[in-house]
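Right, one structure below, let's go through it.
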Amino acid sequence: MKTKIVFSEKCLNYGGWHVEGPQRVKMAHEVLKEKQYEFLEPTPASEEALLKVHETDYIWNLKKGLVEDPDTPAYDNIYEYARLSAGGALLAAEINGFSLMRPPGHHAGRSGAALGIYTRGFCYLNNVAVAVKALGKAALILDVDGHHGNGTQEIFQGDGRVVYVSLHRYPHYPGTGGFSEGNCLNFPLPADCGEQRYLETFDDALGVVDVGRFEVVAVSAGFDTHRGDLASLGLTEGGYRELGRRIGMLKKPTFFVLEGGYVGEQNGRDIDQFLRGVEEKAV
Ligand SMILES: [Zn+2]
């Protein structure tokens, strides 16, 4: 069955000049529309759902727009945009779908910038974490964005029900993820390592995880590992299809939340190939 895409045009209404701008999602949406995907509109996450992940003070500041850092502007109404993106992750978790929403989330920790890093890397609320906490199930989080998800690691570090696995370019922004710590398994890779090495590393990563104990797989689906993108590891559309197959082979309820990927049309094609790979192997 074809994976449903969670999307609202509202997420295109801010931040036109930034690298994390609307085009990256708008163009992806157009490509996926042409490929006949079905789209569902999210509703904003409740404050209660956000507070399972983030500190009250941080949410308060976000509402007031007091969250600017050099990467991550305090746009007008950013709280509402971020809340809708978190709501996208919640809906994706409910229907095993793919949330094609912005802003992304995996650099946002409990109180903003995570693990001693000074910026939030275009993130406001940790969408995947909000969805995993809401489900309350034993979860395997696979972070395939090209950057380390320092926010997600901070939130789930030491959580006995969650294992976080990240493959990412290193050394690179945010500078964390050079080694594994407890339930957070990090697989740093050199720039443009190529998809063969990437996929071998992904197999190694899954090899050290007891997949059977998890009730759900949550994927932080970033596409900035694409050759030439912001955290390139030299992947192509074919590599994303292979990656999707490996995730489908886990045969678990799985949902996907967009993180990075900065070339819109390319994101659309990569997401399509990735989901085709998942569906080829899924139950
Ligand atoms: Zn990224």
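The values are calculated or read from the model by the stated rules, or taken from the named source; none is laboratory data. Here the structure is a predicted model, which is why all the values come from computation and not from measurement. Cβ coordinates were reconstructed from backbone atoms using ideal geometry, including for glycine residues, and neighbour counts include every protein chain displayed. For the accessible areas, the whole protein counts, side chains as well, though only heavy atoms, and no ligand, DNA or RNA atoms are used. Shrake-Rupley method; radii C 1.70, N 1.55, O 1.52, S 1.80 Å.
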Fill in the blank from the handout: In deg cm²/dmol, rounded to the nearest 500, the helical mean residue ellipticity at 222 nm of the chain, built from -39500 (n - 2.57) for every DSSP H run of length 4 or more, is -11000 deg cm²/dmol
Completion exercise
A chain fully extended from Asp159 to Lys4 at 0.36 nm per residue, minus the present Cα-Cα distance, gains in nm 52.8 nm
Handout entry: Heavy-atom accessible surface of the chain: percent carbon and sulfur, 1.4 Å
Key = 49 percent
Exercise for the section: Just reorder Glu38, Glu154 by solvent-accessible area, largest first, 1.4 Å probe, all chains present. Expected result: Glu38, Glu154
Fill in the blank from the handout: Two pseudo-spin positions, 7 Å from Cα along C-beta at Ala74 and at Asp203, lie apart in nanometres by 5.0 nm
Completion exercise
From most to least accessible, 1.4 Å probe, no ligand or DNA/RNA atoms counted, Glu68, Glu55 line up as Glu68, Glu55
Practice task
Enter the Cα centre distance for the pair the range 257-283 and the range 50-107, rounded to the nearest angstrom.
Solution key: 22 Å
Problem - Full-stretch length increase - Glu181, Lys52 - with 0.36 nm per residue and alpha-carbon distance subtracted - result: 44.2 nm
Fill in the blank from the handout: Surpassing 29 Å at the alpha-carbon level, of the pairs Lys35/Lys251; Lys10/Lys63; Lys64/Lys133; Lys4/Lys251; Lys35/Lys137; Lys63/Lys251, are Lys35/Lys137; Lys63/Lys251
Handout entry: Spatial extent of the range 146-189: Rg and Dmax, with the Cα atoms as the point set, Å
Key = 9.6, 29
Exercise for the section: Could you tell me which of rounded, prolate or oblate describes the range 1-63, using a ≥ b ≥ c as the square roots of the eigenvalues of the alpha-carbon gyration tensor, with rounded for a/c under 1.5 and, failing that, prolate when a/b is larger than b/c and oblate otherwise? Expected result: oblate
Practice task
Would you rank Arg24, Arg241 by solvent-accessible area, highest first, keeping every protein chain in place and using a 1.4 Å probe?
Solution key: Arg241, Arg24
Exercise for the section: Decide, for the range 171-283, between rounded, prolate and oblate: order the square roots of the alpha carbon gyration tensor eigenvalues as a ≥ b ≥ c, take rounded if a/c falls under 1.5, and otherwise choose prolate if a/b is larger than b/c, else oblate. Expected result: oblate
Handout entry: Accessible area expressed per residue, the range 99-164, with surrounding protein chains retained (probe 1.4 Å, Å²)
Key = 22 Å²
Practice task
Return the Cα extents of the range 43-82 along principal axes one, two and three, sorted largest first, each rounded to a whole Å.
Solution key: 28, 21, 16
Completion exercise
For Glu181 the rounded accessible area (nearest 10 Å², probe 1.4 Å, non-protein molecules ignored) is 70 Å²
Completion exercise
Counting sequence-distant residues (5 or more places) and residues on other chains, those with an amide H built under 5 Å from that of Leu185 are Tyr164, Val165, Ser166
Completion exercise
Here the range 15-31 yields Karplus 3J(HN,Hα) values (6.51, -1.76, 1.60; θ = phi - 60°; whole Hz; Gly and Pro given as x) of x, x, 9, 7, 4, 8, x, x, 4, 5, 9, 4, 5, 4, 4, 5, 4
Fill in the blank from the handout: Note: Thr43 to Val211 extended length (0.36 nm per residue) minus current alpha-carbon separation gives 57.4 nm
Problem - Dipole of the range 57-134 [Lys/Arg +1, Asp/Glu -1 at C-beta], most positive-end residue of Leu91, Phe122, Gly105 - result: Leu91
Handout entry: the chain: translational diffusion in µm²/s, Stokes-Einstein, Kirkwood Rh over Cα pairs, 20 °C, 1.002 mPa s
Key = 118 µm²/s
Exercise for the section: Grab the beta carbon distance between Arg110 and Lys35, set R0 = 30 Å, and tell me the FRET efficiency rounded to 0.05. Expected result: 0.20
